[in-house]
1. Which one of the conditions (1) open to solvent by 40 Å² or more (accessible area, probe 1.4 Å); (2) within 25 Å of ASN250 (Cα to Cα); (3) touching a strand residue (DSSP E or B) at 6+ places or on another chain (Cβ under 8 Å); (4) of a type outside the set (Lys, Arg) does THR198 fail to meet, given that it meets all the rest?
2. Could you run through the stretch 180-195 and say how many residues are among the charged types (D, E, K, R), farther than 19 Å from ALA233 by Cα and either open to solvent by less than 10 Å² (accessible area, probe 1.4 Å) or modelled with pLDDT of 95 or more (or both)?
3. Output the residues belonging to the stretch 126-172 that are over 32 Å from the mean Cα position of the chain (by Cα), of a type in the set (A, V, I, L, M, F, W, C) and farther than 28 Å from GLU370 by Cβ.
4. For the structure I just gave you, tell me whether ALA159 is farther than 22 Å from THR277 by Cα, assigned to a strand (DSSP E or B) and among the aliphatic types (A, V, I, L, M).
5. Could you look through the stretch 293-310, keep only residues that are open to solvent by less than 10 Å² (accessible area, probe 1.4 Å) and at pLDDT 95 or above, and pick out the one that is farthest from ILE407 (Cα to Cα)?
6. All but one of (1) of a type in the set (Phe, Trp, Tyr); (2) within 28 Å of CYS271 (Cβ to Cβ); (3) open to solvent by 10 Å² or more (accessible area, probe 1.4 Å); (4) modelled with pLDDT under 95 hold for PHE455; which doesn't?
7. Wholly within the stretch 212-275, which strands (runs of 3 or more DSSP E) include no fewer than the required count, namely at least 3 residues that are under 27 Å from LYS176 (Cα atoms) and open to solvent by 30 Å² or more (accessible area, probe 1.4 Å)?
8. Determine, yes or no, whether GLY332 is open to solvent by less than 30 Å² (accessible area, probe 1.4 Å) and on the phi > 0 side of the Ramachandran plot.
Amino acid sequence: MDESATWRLLESDWYSPRRLHDCPTHYRFPGDRFLPNRCLMDLDKAHTLLTSKTPQFNTSSNFNQAYRQKLIENLSLDSQGRPFKIMVFRGSPKSSRKSIRFVDELRQEVAAIFEKDCKQTPYRCIPKGEKRVLDAPRLRNDYYSNIMSWGMNNMLAVALGHELYLWNSEDQAVHKLLQVRGGNDWPTSVTWSEDARTLAVGYMCSNLQLWDVESSKLIRSLQGHSGRIASTAWNGHILTSGSRDKSIINHDVRAANSLASCIKRHADEVCGLKWSTEGNRLASGGNENLLYIWEASKMSSSKFLHRLSDHCAAVKALAWCPYQNNVLASGGGLSDGCIKIWNTEKGICINNIETKAQICGLEWNRHHKEILSGHGYSIRENQNKLCLWRYPSMTKVGELGNHKSRIINLCQSPDGITVISAGADETLRFWDVFGPPTAGAGNSMVSDLQGLLSFRTSLLR
């Protein structure tokens, strides 16, 4: 026998049923199809019929009685001798899974367990009062100004009249950074850089300054505007400023000639600016009720990504969602009173809530899917209040507020737990509204007690 014939013989023996007979594979479960026992089959004849080029069909079956009986048992009885239908799928006898006809009962059980878990896990308590109140004399009652910023160094910068103060949240120390000489000029916007080393200050008379806080020295002045600078926003080494002269200027603070680009699309004062978390998009709100979305790579061409005109009043309050990069929240003034949630990728409004009050600030909760709104004037409800909304349903969770006049600004602590509201009643109020869930009822009692004892006032200056 030559080598090729030997190889064909070995190859045919490898696939032959006799080999499967000698080394059978044992299965743990019957499955939904049942094969007869190979020990009772004539495997040689089956192999001849399968490999023969001229198959012979024999209509008279020579199966013995034992094989027939075994076939009937496998097709009509289960492993315990009970009758069953061949087309009904059966898993392993050891499996404890319920049949599909019990799916409704299973869903009810899961719903009951989920409801029980929800009852056992208490939702965090919304504070009944402020954690702290700071006196802020000469805080200007100006809707368009942005006079407060909390940096990553835990320093709160706030402009009070012609002066700008720094408050250290760790030791409560107060330091006066600057004072403007002259009755017609004062700080109108304050923003910390991302590394909290530099403080940008915009002024009523169109000045824009950069201050080194550690040395309390003026680093440089940036030019380009001819009107009040009420909004500023950092994006790395780029400082963006918006002015009453209707322009938006990007300043590269590293360059000697800092003016990187100038955009004039708004028809009225630019009163809101906010860069996205990734730094690829800028939102700008104007006093002409328009909201623009800009791409960082195309700002030099003054070509906007979206022009959104759904608001009916000035758009000052802007906040990018921390867990959905393309989602932006915007709030309108007194004639509008709406919080709108935008998909900035498509340029569409995905949710709209009528608060029936002027919206002066918006802050996202980084620990829970919520957003906080600060309100000013209203003819119906939510006047001078803080309202907490659950996202994305935008149902109201609760409201806070002890301000005697409208809220001007909101800002958030670096740890994302505390929110400060600056009111026209010349107070700064600290709210632990974004705190983590409480561990139990004991903490709830502590929170209630803290709410009663929180009405302590200290001077900022």
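1. Single failed check for THR198: (1).
2. 1
3. Selection gives LEU160, LEU164.
4. Working: farther than 22 Å from THR277 by Cα: yes; assigned to a strand (DSSP E or B): yes; among the aliphatic types (A, V, I, L, M): yes.
Here the answer is yes, as ALA159 does meet what is asked.
5. Checking each candidate, the answer is TRP294.
6. Result: PHE455 fails condition (2) only.
7. 217-222
8. Values: open to solvent by less than 30 Å² (accessible area, probe 1.4 Å): yes; on the phi > 0 side of the Ramachandran plot: no.
Answer is no for this residue.
The values are calculated or read from the model by the stated rules, or taken from the named source; none is laboratory data. Bear in mind the structure is a predicted one, so any value in this text is a computation, not a measurement. Here Cβ is always computed from backbone atoms with ideal geometry, including for glycine, and neighbour counts include all displayed protein chains. Surface accessibility is based on the protein's heavy atoms, side chains included, excluding ligands, DNA and RNA. Shrake-Rupley method; radii C 1.70, N 1.55, O 1.52, S 1.80 Å.
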